[in-house]
Every structure is written in structure tokens, then in C-alpha cells.
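Comments concern the structure below.
The values are calculated or read from the model by the stated rules, or taken from the named source; none is laboratory data. Everything quoted here is computed from the prediction, not taken from an experiment. Using ideal geometry, Cβ is built from the backbone for each residue, glycine included, and neighbour counts are taken over all protein chains shown.
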Amino acid sequence: MVLLELGELLLIVELILLLLTVYLVAISLREARQRSKLVEQLVHATRTFSRAEYFTTVMEALGEATSYVYATVTGTTPREEERETIERLLEQFRRAAKSGVKLRLLLPKDPTRLHMGYRYKEAGAEVKYNPSLLVSELRYMVVDGHTTILGLPERRGIEEPTRKGHRIYSEGLSLLFKERFEKLWSSESSISYEDYLRQAVEEAMASTPGVSEEHLANLFNVPPREIREVMRRREH
């Protein structure tokens with residue numbers, strides 16, 4: 001009888017220890033998740049800060065430009081947290097254009113980049129698209145022949161946003177990138193924003209006959225008037 005009670009007592013003790021172990025493991029897992037979440041938040045904050053620094057460098061260079069700005073950019077639609085920064089950047093483009101600075105931007109030839117192509121065009125820049133930029137990860141801006149800003153993504157891939165920027169004062173380096181840019185700009189494979197939008201619209205109409213202007217505007221994320229202008233030019 002005593003042995004039976006002792007056995008039951010040991011089982012109870014083992015059960016309590018098991019429950020305590022499960023409880024400690026659960027607490028440990030919760031703390032690990034919280035630490036992981038905290039690390040993710042810190043990494044996100046660091047990335048956001050680095051990207052903000054890059055945009056600040058670009059805006060400063062735009063503000064100092066007096067002759068021209070040639071740049072290759074990703075042209076991706078900004079995320080919600082980036083919209084305010086992009087609006088400030090576009091305003092800086094407008095100011096530069098109004099002061100007589102020649103603005104030329106090359107974007108990857110991809111329909112998803114038509115939205116930012118439109119925004120840059122409205123800000124006063126000449127915009128072209130080139131398919132070779134789809135495989136290039138180096139983004140650069142040449143300002144007045146003496147300043148080059150190199151933008152780099154954090155990871156490989158053209159879809160990756162520019163996280164880090166390096167501003168280099170060198171006429172020799174600026175000349176190299178200017179020559180590279182002008183070669184791409186004048187290439188037969190480069191196409192203007194207007195012609196690329198027309199091409200994209202015609203392809204969409206061929207695949208979906210009778211598609212509405214509103215649908216095309218939503219598809220390419222541009223104002224309906226841009227689609228109407230394409231239609232007007234097609235009729236003439």
C-alpha cells in the first residue's frame with residue numbers, strides 16, 4: 001500500500017515537472033519570437049534609414065545641378081512608406097527642370113515601370129526604357145560631368161530597391177558613366193515613354209479586343225488621359 005502511494009506520488013511529481021518543462025519551453029519560444037520580431041524591426045529601421053540617406057543624397061545632387069542630370073533608375077512603384085519621399089524627390093526634379101537642368105532618365109523596359117515613367121515625365125524629365133537594364137543591378141546618376149552617385153541594392157536582383165548610395169566627385173568617373181548612359185540612350189533598343197506606352201496599349205488591345213480605356217489606365221497605373229492621348233495619336 002505504501003509502495004503504491006509512493007508510486008502515485010512519483011507520477012504526480014513527474015507530471016508537475018513535465019508541465020513545468022512545457023511551460024518553460026513555451027516561455028522560451030515566446031521570448032525567441034519576440035526577439036526575432038525585435039531584430040526584424042531593427043533591420044527594417046536600418047534599411048529604411050539607409051534608403052532615406054540614398055534619396056537625400058540624390059535630392060542634394062539634384063539641387064546642386066546646373067546643366068544636366070543623367071540617371072538609370074529602377075522605376076518601381078513606391079511602397080506606402082516611401083510615397084512621401086518619392087513626392088519630395090519628384091518636386092526636386094520639377095525645380096531642377098524649371099531652372100533649366102536637362103533631365104534624362106533610363107528605366108528598365110517593363111510595363112510595371114510605366115507609372116513612374118509617367119511621374120518622371122510630368123516632373124520635367126525625358127524618359128526612355130531599355131531592356132538591358134532588366135539584368136543590370138547598378139543604378140547611377142551623373143550630375144554636370146563632375147559628380148556620380150552609385151546606387152546599390154542590398155541583395156541581387158533588379159526588383160530590389162536601392163539601399164545604399166555612394167557619391168563620388170570625379171570628372172573621369174563621371175565621363176565614363178556619361179558615355180555609357182549616352183550609348184544606351186541613343187541605342188535602337190531604347191524607347192521613349194510615349195512610344196512604350198503606345199506599344200503596351202496596342203499589345204493589350206490585341207490580346208483583349210474591346211478593352212476599355214479605364215481598364216488600360218488601371219492596368220498600366222497611369223491617368224486615363226494618357227490612354228486617350230495614345231488613342232488620339234493612333235487615329236492620326
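Among the residues of the range 219-226, are any surrounded by 15 or more Cβ atoms within 10 Å (Cβ to Cβ), in the same structural domain as Pro111 (by TED's automatic domain parsing) and either more than 16 Å from Thr72 (Cβ to Cβ) or in contact with a strand residue (DSSP E or B) (Cβ under 8 Å, 6 or more places away or on another chain) (or both)? Break it down stepwise before answering.
Of all residues in the range 219-226, those surrounded by 15 or more Cβ atoms within 10 Å (Cβ to Cβ) come to 219-222, 226.
This time we only want the ones that are in the same structural domain as Pro111 (by TED's automatic domain parsing), so: none.
No, the conditions are met nowhere in the range 219-226.
Take the conditions at pLDDT below 95, out of contact with any Cys (no Cβ under 6 Å at 6 or more places or on another chain), in a helix (DSSP H, G or I) and of a type outside the set (S, T, N, Q) and apply them to Arg119. Does it pass?
Working: at pLDDT below 95: no; out of contact with any Cys (no Cβ under 6 Å at 6 or more places or on another chain): yes; in a helix (DSSP H, G or I): yes; of a type outside the set (S, T, N, Q): yes.
Here the answer is no, as Arg119 does not meet what is asked.
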For this session: State yes or no: is Glu60 under 25 Å from Leu175 (Cβ atoms), part of a helix (DSSP H, G or I), without any contact (Cβ under 8 Å) to a residue 12 or more places away in the chain and not basic (Lys, Arg)?
Result: yes
Problem set entry | Residues located in the range 194-210, provided they are exposed (fewer than 15 other Cβ atoms within 10 Å of the Cβ), more than 30 Å from Leu138 (Cβ to Cβ) and either of a type in the set (Val, Ile, Thr) or within 24 Å of the chain's Cα centre (by Cα) (or both) | Thr208
For this session: Just one of (1) among the β-branched types (Val, Ile, Thr); (2) surrounded by 15 or more Cβ atoms within 10 Å (Cβ to Cβ); (3) modelled with pLDDT under 95 trips up Ile191, so point out which.
Result: (3)
